[in-house]
Structure formats: C-alpha cells, structure tokens
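These notes are about the structure you will find just below.
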Amino acid sequence: MQSAKDYLSLTESAVRRLFDGIDSYTSVLKAITGVTFVTSEPYGPAQDAEYEAWKVANERKLAEARAAEREYLAESFALDTLCGAVLQVAEKAIEIYGQNEEIPKGLPQTIKPNLSKFCVGRLVRTVPIGLVIYAARNQHTHFNDEALREPSVSIFKLLATKHGYGGSQEIVDPAFDLNNQGTLSFASNATALIGWRSYDNYLSDMRILLSEQEYR
C-alpha cells in the first residue's frame with residue numbers, strides 16, 4: 001500500500017461489513033424506544049397510582065423492552081468484538097499513515113511525543129478522537145490483562161470525568177470507568193461516544209485523521 005487512501009480503499013468492504021454487524025446488534029434496542037414513564041405528579045400516592053396504571057397500559061411494550069434488553073446484553077461482548085475490530089483498523093491506519101507531530105496543550109503528561117500521530121481530530125470530552133481510538137483499541141485488545149497501562153489509563157480518566165455534568169463534584173461515567181467490573185471491553189462505548197455507528201461517519205473522521213489533503 002502506498003498511501004492512507006489506498007489503506008481505506010482496501011479495508012472498505014471489511015469495515016462496511018463490521019458496521020452492518022454492529023447495526024444488527026444495536027437495532028435490537030429500538031424496541032425499548034418510547035417506553036418511558038412521564039408524570040407531573042410529585043412523589044407520593046398519586047404518582048404511585050399513576051405509575052401502576054401506566055404499567056398496566058404498557059404491559060406489552062414493557063415486556064418487549066425487557067426482552068430486547070436481555071437479548072442485547074447477551075450479545076454485548078459480540079458487539080464489542082466488532083467495535084474492537086473497527087478500532088483496530090483505525091488505529092493501525094493512524095500508526096502507519098498519521099502525520100501529526102504536535103501534542104496539544106492540556107493533555108496528560110503521560111502522552112509522549114511518540115503518540116503525536118494520535119493527537120488529532122475533533123475533541124470528545126477534551127480528548128482528540130485519535131487518542132480515544134488509541135486507548136479504546138488498547139483496552140479492548142488487553143481486556144483480560146490485570147491492569148491497563150498508561151497513557152490509556154489517563155485517557156479513560158478524561159473520558160469518564162470530562163462529560164460536563166456535576167459541576168464541581170466529580171461524577172465518574174461508568175461507561176468509561178476502568179474500575180467498572182461489569183464491563184470487559186469498552187469498545188462499543190467508545191465507538192458510540194465518537195459517533196461511529198455508520199461507515200460514513202467513520203470514513204469522514206478517518207480522512208481528517210489521516211491528513212485531509214490526500215483526499216482533495
């Protein structure tokens with residue numbers, strides 16, 4: 001392969017199939033959409049009565065939602081496996097063809113010059129998405145290791161805390177909390193966070209990450 005453009009072209013059919021698979025898993029959750037209890041009643045007997053009536057009226061939808069949740073959770077690691085494969089393709093492309101040589105100010109000191117290629121792209125929770133890809137790929141690949149290494153740990157710390165909620169109180173997002181023992185791989189969470197649920201979104205970002213001038 002001579003260029004990043006060649007790499008993206010030669011991996012396109014595989015990555016498209018990965019996104020088709022990802023969609024087949026995430027589409028299961030569409031059954032849950034619209035099953036939400038909303039009330040203007042304050043806490044108390046009146047709200048309890050309204051909630052009980054709502055449950056009876058939506059019994060079928062609630063049962064379908066619970067079934068969809070069970071099906072989704074049963075396949076959650078399969079979903080992570082596909083998302084991890086997307087991250088692997090993207091990480092390897094940046095490793096080989098990335099051209100950035102600058103590290104933006106404000107990133108953790110654990111980000112060394114050898115990772116400058118990954119310090120590119122739009123910011124997600126203060127982190128360039130190139131670094132999100134790098135850290136999420138590492139975590140997925142080494143999910144069975146005793147502990148994730150730096151600088152991936154520092155990157156996940158930002159993803160877990162720089163979400164803009166809680167004001168001065170630090171609230172840790174369990175979707176990116178490495179201490180969350182209920183999550184083996186964060187690959188699906190990471191790709192969802194950066195909006196990679198379609199090939200077109202993936203390609204749009206990758207063209208920028210790999211130096212947009214190649215595609216003019």
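The values are calculated or read from the model by the stated rules, or taken from the named source; none is laboratory data. A quick note: this is a predicted structure, and the numbers were derived from the prediction, not measured. Every residue, glycine among them, receives a Cβ derived from its backbone with ideal geometry; neighbour counts consider all protein chains shown.
If you filter segment 151-192 down to residues that are part of a helix (DSSP H, G or I) and out of contact with any helix residue (DSSP H, G or I) (no Cβ under 7 Å at 6 or more places or on another chain), you find that the one that is surrounded by the fewest Cβ atoms within 10 Å (Cβ to Cβ) is PRO174.
Checked against the criterion of being closer than 26 Å to PHE19 by Cα, over 13 Å from the mean Cα position of the chain (by Cα) and in contact (Cβ under 8 Å) with a residue 12 or more places away in the chain, the candidates PHE156, PHE118 yield just one match: PHE118. Mind checking whether some residue in segment 50-61 is modelled with pLDDT under 75, among the basic types (Lys, Arg) and exposed (fewer than 11 other Cβ atoms within 10 Å of the Cβ)? No: segment 50-61 contains no residue that is modelled with pLDDT under 75, among the basic types (Lys, Arg) and exposed (fewer than 11 other Cβ atoms within 10 Å of the Cβ).
Residue by residue, here is whether (1) out of contact with any His (no Cβ under 9 Å at 6 or more places or on another chain); (2) more than 30 Å from SER3 (Cα to Cα) holds:
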site: PHE37; (1), (2): yes, yes
site: GLU52; (1), (2): yes, yes
site: ASN58; (1), (2): yes, yes
site: ALA78; (1), (2): yes, yes
site: GLN88; (1), (2): no, no
site: GLN99; (1), (2): yes, no
site: GLN109; (1), (2): yes, yes
site: LEU131; (1), (2): yes, no
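Of all the listed residues (ILE133, ILE94), the sole one being touching a residue at least 24 places away in the same chain (Cβ under 8 Å), touching an Asp or Glu at 6+ places or on another chain (Cβ under 7 Å) and among the aliphatic types (A, V, I, L, M) is ILE133.
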